[in-house]
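Laboratory data are not the source of any read-out in this text; all were calculated from the coordinates shown. Quantities reported herein were computed from a predicted structural model and do not represent experimental measurements. Cβ placement follows ideal geometry from the backbone for every residue including glycine, while neighbour counts extend to all protein chains displayed.
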Amino acid sequence: MPLFRTRNVVATLAAAALTVGGLTLIPDARAATFERGPAPSRAGIEAARGPFATSQVTVARSAVSGFGGGDIVFPTDTSAGTFGAVAIAPGFTARRSSMAWIVPRLASQGFVVFNIDTLTTSDQPASRGRQLLAALDFLTERSSVRTRVDASRLAVMGHSMGGGGSLEAATSRNTLQAAIPLTPWDLNRNFGRSQVPTLIIGAERDAIAPVRQHSEPFFASLPDTLDSAYLELAGASHFAPNVPNTTIASTSIAWLKRFVDDDTRYDQFLCPGPARNAAISEFEINGC
């Protein structure tokens, strides 16, 4: 299995290398990993709020095309430079309020988070995937916070059909840095073309998107060479991602930090990852 990749680091170091007196000087690797915030700890990623103060702007449906508007929550600190970003899509029949709990938790850890509504509540996964990408394009090109976002470090996330949408988005745009489908539902079972590091979170007692028909086949279909992981929530239902959940939040934070920020300080939470416990019935990772 491959070691976790640091895709941005190599390119950044090569571009920034200086030649002085015949010697090639490489900048400190830590500076190239886009580290944001203090040294991580288990308590830190499990906390309800991270180290960054945040603010919010609402984007009206009428002001955009290709998706249904939403809320952008972002760190107010500009001293650390730009931040990576993640767009989040809700599930079938749901609106962005269903995922609102996780938005400040992610943003306060050093991400710009765009929690979107879809065009209709019945949009299917492929459509939700396109809408996630449209939201990221708006965020980086037209939004009032676009100067705070590093457009090369973007991710997608979603619940249920929004989770299927995040898989669809990652398959169609391989420049994304991470995808996190939450109890995902999709009739498409094959995501073998994906090149985006993907964390799938399923629920042991999901009766709407049973893991044997959805999360597990999705994970199995991902390329063996891809950094990917599958976490199963013990005793949880399909709607576990709609209420505050420390396991979902902390693992998602670690995944985004590791692959959007290329911050290897977060390897400790992912590789080899948590053992089975009262909250986790299964954890499997490809890339350690």
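Go ahead and estimate [θ] at 222 nm for the chain from helices alone: -39,500 (n - 2.57) per DSSP H run with n ≥ 4, summed, over the residue count, rounded to 500. Please list the in-between numbers first.
Numbers: 7 runs with 71 residues, N = 288.
Only helices count here, giving -7500 deg cm²/dmol.
Determine the percent antiparallel among the DSSP beta bridges restricted to region 7-286, to the nearest 5. Mind dumping the intermediate values first?
On the way: 19 of 43 bridges.
Around 45 percent antiparallel, to the nearest 5.
Once you keep just the Cα pairs under 8 angstrom separated by 6 or more residues, what percentage relative contact order results for region 7-286? Numbers along the way, then the final one.
Numbers: 656 pairs, mean separation 44.8, N = 280.
Computed value for region 7-286: 16 percent relative contact order.
With θ taken as phi - 60° and the coefficients 6.51, -1.76 and 1.60, list the Karplus ³J(HN,Hα) couplings across region 97-102 in order, rounded to whole Hz; mark glycine and proline as x.
With coefficients 6.51, -1.76 and 1.60, one gets 4, 5, 10, 5, 4, 7 Hz.
Report the residues of region 137-165 in range of a label on Arg95: point 7 Å along Cα→C-beta, backbone N strictly under 20 Å from it.
Within reach of a label on Arg95: 158-163.
Quick one: 3J(HN,Hα) in Hz for region 211-223, Karplus 6.51/-1.76/1.60 with θ = phi - 60°, rounded, Gly and Pro as x.
So the Karplus estimates, Gly and Pro as x, are 4, 5, 9, 10, 4, 5, x, 4, 4, 5, 7, 5, x Hz.
About the Cα centre of region 112-221, what is the dipole size in debye to 20, counting +1 per Lys and Arg Cβ and -1 per Asp and Glu Cβ, all else neutral?
Numbers: 11 positive and 10 negative charges, 45 e Å.
Using only the charged Cβ atoms, the result is roughly 220 debye.
Can you list the residues of region 221-242 with backbone N under 16 Å from a point 7 Å past the Cα of Asn188, pointing along Cα to Cβ?
Taking a point 7 Å out along Cα→Cβ of Asn188, the residues of region 221-242 whose backbone N falls under 16 Å are 221-223.
Residue-wise, which Karplus ³J(HN,Hα) couplings in Hz belong to region 112-127, taking 6.51 cos²θ - 1.76 cosθ + 1.60, θ = phi - 60°, and x for glycine or proline?
For region 112-127, the Karplus curve yields 8, 10, 10, 8, 9, 8, 8, 4, 9, 6, 9, 4, 7, x, 4, 5 Hz.
Could you compute how fast the chain diffuses translationally, taking Rh as the Kirkwood radius over C-alpha pairs and applying Stokes-Einstein at 37 °C with viscosity 0.692 mPa s? Give it in µm² per second.
So the translational diffusion coefficient is about 175 µm²/s.
If I stretch the segment between Ser172 and Arg205 completely, what's the gain in nm (0.36 nm per residue apart, minus their alpha carbon distance), one decimal? Display every interim value, and only then the final one.
Values: separation 33, 0.36 × 33 = 11.88 nm, distance 3.00 nm.
Contour length minus Cα-Cα distance gives 8.9 nm.
Could you check the simple spin-label distance between Thr147 and Arg61, using points 7 Å along Cα→Cβ, in nm with one decimal?
Between Thr147 and Arg61, the label points sit 3.2 nm apart.
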